[in-house]
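Notes follow the structure.
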Protein chains: 2
Amino acid sequence: MNATILAPIAGLDAFLADAAKLLPTGALLRGEACQPYEADASSCRGQAAAVLLPDDTATVSALMRAAVRHRVRLVPQGNRTGLVGGAVPDGSGRQVVLSLARMRRLRAFDPLNRSAVAEAGMALSELNRLLEPHGLWLPIDVGSDPAIGGLIGANTGGSRLLRHGDVRRNLLGLEIVLADEQGSVLDLLAPLRKRNAGIDLKQLFVGSGGALGVVTAAAWDLKRRDASVLTLLAALPSRAAALDVLDACEQRFGEMLSAFEVMGESALMATLRHFPALRHPLAESAAGCYALVEIASAMPGLDSMLQEQAETLLATLLQRGLLIDAAFGRPDSLWALRDSLPLALAAEGLPLSFDVGLPRSRLPAFHAAAERWLADEHPALRLYDFGHFGDGGCHLIVLLPRECAAGYSPARLAMLKSALYRLVADHGGAFSAEHGVGPLNAAFYRKHTSDAAQELAAGLQRLLDPAAALGRHRYD
Amino acid sequence: MNATILAPIAGLDAFLADAAKLLPTGALLRGEACQPYEADASSCRGQAAAVLLPDDTATVSALMRAAVRHRVRLVPQGNRTGLVGGAVPDGSGRQVVLSLARMRRLRAFDPLNRSAVAEAGMALSELNRLLEPHGLWLPIDVGSDPAIGGLIGANTGGSRLLRHGDVRRNLLGLEIVLADEQGSVLDLLAPLRKRNAGIDLKQLFVGSGGALGVVTAAAWDLKRRDASVLTLLAALPSRAAALDVLDACEQRFGEMLSAFEVMGESALMATLRHFPALRHPLAESAAGCYALVEIASAMPGLDSMLQEQAETLLATLLQRGLLIDAAFGRPDSLWALRDSLPLALAAEGLPLSFDVGLPRSRLPAFHAAAERWLADEHPALRLYDFGHFGDGGCHLIVLLPRECAAGYSPARLAMLKSALYRLVADHGGAFSAEHGVGPLNAAFYRKHTSDAAQELAAGLQRLLDPAAALGRHRYD
């Protein structure tokens, strides 16, 4: 059931007339002014009937009431850092973008409770800038700078999930505007770490991409910032060895292992080719892959102890044949090697990106199977991988050399994608590790989600949004 | 709507006839054999029409189908360690206990992925016993020994939530039997740390007390066991000072602060009176309260460093007037002081227990307000507190001396409870921190949950259990 298809244009006009009354001047955009709000960080682009920029929860509630009454579809939007088009309106010109960009207050900050309440439009970087003088942070570390609402919608993980967990694990509360006739405001913001007093309703809205309600504010369980940090790059003979090295690092450093990012040799070489300012921290070697290892603690004064322990561990790993070479380095210069990869690969050809999650124990076998499959089926294409090996996250890039691109029609590309996601599923993995579900991968949701799960998701959306007034991706 | 009230006895008989065919011999109990399954660790006691003991998921599914068809209410049950009667059948003799006690296999264990899949009837202690040789554990630390299913239903927190989080934070996957006509099995067991591929349906079943589906197995994100541990008891001038000491400990030890338990002076004294084998580790002093502080890491070899750092910190705290005295001690002997409190207080009179959660920054003000209120309104009663100060959890005991008990009718006790929960709410807290919702506190759920939240919870239950075939506590 997709109510917007049936919605008469009259409903949209009447809604916009209502919205104009509810919003301050300049907070309802039409026509060309909507353009910046019609795309995200992916290739996805749509056309909005209008963009609404409310600056408080009461206005969001009133707009929701109007949208439900007039059967108009609202697409909640934050900083447009998404990679699957989940916050981009479709091409019909009838969906309305509900941007939270003007709701960016820090509503509350309680250092002794290590908690803060931030509105949905505040950028992650802004929240962390405000927290820095207090030695606290929200430890979600991603390449982009999503808004709070986007973090919730995507249940963002990032590079330090291994130690700090995903958004859900750092969340204490939410305020949500529901897509019911009243535009009910669900105030679940109490910053409590222990609350087991009925169904934990806020969990419904985490990782649901704005499909079940509009998040207007979130309460966070803040952490103390890292005070001791050690970063190193290790050249490893193989991904199987990487798994053993990961295990050894956890045995030695426990919860202080903060990141364990693995990238293939070819990916690192491509980066060094395209960013001449970056240096290879190790001598040339026949490494199968490289691991960027970060060990960190919020306890100050541990740097030299961590380095000493790491040196001992590296010596043992060398002896066991699990390590080829390793070097300590400044965090920013080592992370630059990893973070520059996507741009470098884009310069080498046409990249097809996959963001998949697997049991980490199966990453080596999965990678080997993917390489074999590509060599057999698409020998002209190249496979690159980098990502969050420590938590099973894997960014896989299949690179089409420019001279091959003509041979790949959209249909052939779709088949290629489909075959690769099949390999992921065969290895117990998920087709989307961090990017969520949107128009760009909705077909794979249908394919790789059981009927029982799809039915329940659809039921939830019908329960929470009976008028289909909300969200870009529909589960029903 | 409560369907069992309308259910004809014929439905129950027909269901039991079906169940007898589905279960192996000895797995359907009637009459007196049901008695052990009719109570939990609270004062709650009910009467079961029967107890079912399936030993696999397929049988649970078949039983659920039959229950939905015959409109019979199943009450899922684990190790009966609950404290609010949430897994105890009511007194009608028409509800049927669905015990998961025979489903206790470890289905999968993947040390390199640090994950395990355990069935719902396995006890927490049993899981940890199996994991110990591998240096891994599920770091939920509670006084009782719940089954896996009970852990999920209650979203158990415990004494080390500060460092390790609650059950939800350590959970990777679930298998659930739904209360639909098919008894659908939702297999969400894949042990993935990064999976953002649609609404995370398993979250619905965590902390919902078995009201939305029957959990049959769970996949866990295991942690490496502590290898360095420091435990100390500190005498503090006041609870306000405890808050500053907590903050100082976090600044010094970061994520290694593993537990910060505070107990009132009077509570500790009562324990020492009733357990003569326990020693006061500190000289007599005019402390307002005591903090049991545990600093721990899975990194080995840190013991002496931690002790050195703690000594420096304690000296600073002493100088700042935040500390009266402190002593390091063996973990088991210090924890015994805290863990013996409930029994000691029960010996002193009639204890009324409250398990509440607050922002930890408000614990001192809340405690002072509760003391003032009790002194004003019930001067003969005494207030004791102990609990998880570091995460805002507070076990409060109002003790009725035996000679006063006669003056407190059930109605007067209910009013007392109600007034105390009002104080909790006034300080931004929740009426149940860890115990969940069951017949013993359902009235407070109604009182302290917003209409919008109650309506959504009811809607979820109607969606997931349209035949009202499941759960002791109903949200609809």
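With respect to (1) open to solvent by 10 Å² or more (accessible area, probe 1.4 Å); (2) more than 10 Å from chain A (Cβ to nearest Cβ); (3) in a loop (DSSP other than H, G, I, E, B), the lone exception for B:G183 is condition (1). Scan region B:63-106 for residues that are under 24 Å from B:W220 (Cβ atoms), open to solvent by 10 Å² or more (accessible area, probe 1.4 Å) and of a type in the set (S, T, N, Q) and the total you get is 2. Of all residues in region A:231-279, those that are away from chain B (no Cβ under 12 Å) and within 25 Å of A:R114 (Cα to Cα) total 1.
Being in a helix (DSSP H, G or I) and loosely packed, with under 13 Cβ neighbours inside 10 Å is the filter here; which residues of region A:16-35 pass it?
Of the residues in region A:16-35, the ones in a helix (DSSP H, G or I) are A:16-22, A:31-35.
Hits for region A:16-35 are A:A17, A:K21, A:G31, A:E32.
Scanning region B:378-427 for residues that are among the hydrophobic types (A, V, I, L, M, F, W, C) and assigned to a strand (DSSP E or B) yields B:L383, B:F386, B:C394, B:L396, B:I397, B:V398, B:L399, B:L400. Set side by side, the residues A:T81, A:T59, A:T25 differ, and just one is closer than 24 Å to A:A468 by Cβ and among the hydroxyl-bearing types (S, T, Y), which is A:T59. In region B:36-48, the residue that is most open to solvent (accessible area, probe 1.4 Å) out of those that are touching a strand residue (DSSP E or B) at 6+ places or on another chain (Cβ under 6 Å) and of a type outside the set (F, W, Y) is B:R45. Looking for whichever is closer than 25 Å to B:T231 by Cα and within 14 Å of chain A (Cβ to nearest Cβ) here; the options are B:Q319, B:Q309. Which one fits? Exactly one of B:Q319, B:Q309 is closer than 25 Å to B:T231 by Cα and within 14 Å of chain A (Cβ to nearest Cβ), namely B:Q309.
Here B:A211 clears all of (1) open to solvent by less than 10 Å² (accessible area, probe 1.4 Å); (2) facing another protein chain (nearest Cβ under 10 Å); (3) in a strand (DSSP E or B) except the condition numbered (3). Considering region B:163-174, the residues that are in contact with a strand residue (DSSP E or B) (Cβ under 6 Å, 6 or more places away or on another chain) and part of a helix (DSSP H, G or I) include one that is nearest to A:L161 (Cα to Cα), namely B:N170. Screening the candidates B:A235, B:A219 for the property of being touching a strand residue (DSSP E or B) at 6+ places or on another chain (Cβ under 9 Å), assigned to a strand (DSSP E or B) and over 22 Å from B:L189 (Cβ atoms) yields one hit, B:A235. Inspect all residues belonging to region A:226-233 and state whether any of them is buried (at least 21 other Cβ atoms within 10 Å of the Cβ), over 16 Å from the mean Cα position of the chain (by Cα) and more than 30 Å from A:A287 (Cα to Cα). Yes, region A:226-233 contains at least one residue that is buried (at least 21 other Cβ atoms within 10 Å of the Cβ), over 16 Å from the mean Cα position of the chain (by Cα) and more than 30 Å from A:A287 (Cα to Cα).
Taking the criterion of being surrounded by fewer than 19 Cβ atoms within 10 Å (Cβ to Cβ) and among the hydroxyl-bearing types (S, T, Y), the only residue of region A:430-456 that qualifies is A:S450. Here the condition is being touching a Cys at 6+ places or on another chain (Cβ under 7 Å) and either open to solvent by less than 40 Å² (accessible area, probe 1.4 Å) or assigned to a helix (DSSP H, G or I) (or both); of B:L292, B:L363, B:L334, it holds for B:L363 alone. Counting only residues that are touching a residue at least 40 places away in the same chain (Cβ under 8 Å) and either at the interface with another protein chain (Cβ under 7 Å from one of its Cβ atoms) or assigned to a helix (DSSP H, G or I) (or both), region A:438-461 holds 2 of them. Can you confirm whether B:L416 is touching a residue at least 12 places away in the same chain (Cβ under 8 Å), away from chain A (no Cβ under 14 Å), of a type outside the set (K, R) and open to solvent by less than 10 Å² (accessible area, probe 1.4 Å)? It is true that B:L416 is touching a residue at least 12 places away in the same chain (Cβ under 8 Å), away from chain A (no Cβ under 14 Å), of a type outside the set (K, R) and open to solvent by less than 10 Å² (accessible area, probe 1.4 Å).
The values are calculated or read from the model by the stated rules, or taken from the named source; none is laboratory data. Not measured: the values here are computed from a predicted model. Heads up, the Cβs are rebuilt from the backbone with ideal geometry, glycines too, and the neighbour counts pull from every protein chain shown. Heads up: the accessible areas ignore ligands, DNA and RNA and are worked out on the full protein's heavy atoms, side chains in. Shrake-Rupley method; radii C 1.70, N 1.55, O 1.52, S 1.80 Å.
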